[in-house]
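Down below is the structure, laid out as structure tokens.
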Ligand SMILES: [Zn+2]
């Protein structure tokens, strides 16, 4: 997980979002009892928050990677889920279970609340979880202030996740409550994640090999050393897969001097 810098809100959100939010507020106020009972649902407009231009703007800001686990979201083989940081349709109780309506429906088209996540992070793990330090602070309708909430889920487009977690080889570890909770809610400890483990081994091996051959005076070996150095220099950049893991590995190490 790395810091994400989003640009301006896509036009469709600013053009159509406010009208839908106003309709949702009125719908909620007229149907609060039925919505709480689950017999009526706020008709959130997926064609607005999930519009191609919203997905594309998020994909660009996130270098085509999941906002949580940093896997490359390979379109069209993997779904690109527009993720609502504050869930739009209901919130799961702490420890899991059925989501309680109505969720943060008034933030459904809020650019600040949208991120792009992979199917494993969004559907298999996070779902409708949105843990808070104190459940009593939760905004339950659009009449409540969200400013009172102290979320335990890291918001990567607002702060640097590195302040909340560290890496032991290819697995993250929390260094704050929010770090641990985020790792747990998203299931980020993934020993079975072959892509991430393979990437870690690639970086670790490149590092060891570069130290071994960096001073060998042979044109072919020098070329190999240059390739390894390029791989290692690119690995921590935000556009590279699993760059938080790569940064953690390389920040405590020094590359050999160039021959
Ligand atoms: Zn993910």
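The values are calculated or read from the model by the stated rules, or taken from the named source; none is laboratory data. Since we're looking at a predicted model, the values are computed, not measured. Note: ideal-geometry Cβ built from the backbone for every residue, glycine included; neighbour counts use all protein chains shown.
Before we move on, is residue 216 at pLDDT 95 or above and assigned to a loop (DSSP other than H, G, I, E, B)?
Answer is yes for this residue.
Please report, ordered by residue number, the helices (runs of 4 or more DSSP H) entirely within region 1-86 with at least 3 residues that are closer than 29 Å to residue 246 by Cα.
Filter on region 1-86 gives 52-61.
Across region 202-241, which residue is nearest to the chain's Cα centre (by Cα) among those that are touching a residue at least 24 places away in the same chain (Cβ under 8 Å) and surrounded by fewer than 12 Cβ atoms within 10 Å (Cβ to Cβ)?
239
Any idea which of (1) out of contact with any strand residue (DSSP E or B) (no Cβ under 9 Å at 6 or more places or on another chain); (2) without any contact (Cβ under 8 Å) to a residue 40 or more places away in the chain; (3) not in a loop (DSSP other than H, G, I, E, B) is the one residue 173 doesn't satisfy?
Exception for residue 173: condition (1).
Spot the failing condition for residue 29; the list is (1) in the same structural domain as residue 123 (by TED's automatic domain parsing); (2) at negative phi; (3) touching a residue at least 12 places away in the same chain (Cβ under 8 Å), and only one is missed.
Looking at each condition in turn, residue 29 falls short on (3).
In a strand (DSSP E or B) and modelled with pLDDT of 95 or more: is that true of residue 211 in this structure?
no
Looking at region 108-128, which of its residues are within 30 Å of residue 193 (Cβ to Cβ), away from the ligand (no atom under 14 Å from the Cβ) and at pLDDT 95 or above? Write out each step before concluding.
First pass over region 108-128, keeping only residues within 30 Å of residue 193 (Cβ to Cβ): 111-128.
Of the ones still in play, those that are also away from the ligand (no atom under 14 Å from the Cβ) are 111-114, 128.
Passing the criteria: 111, 112, 113, 114.
For residue 245, only one of the following conditions fails: (1) loosely packed, with under 12 Cβ neighbours inside 10 Å; (2) within 23 Å of the chain's Cα centre (by Cα). What is its number?
(1)
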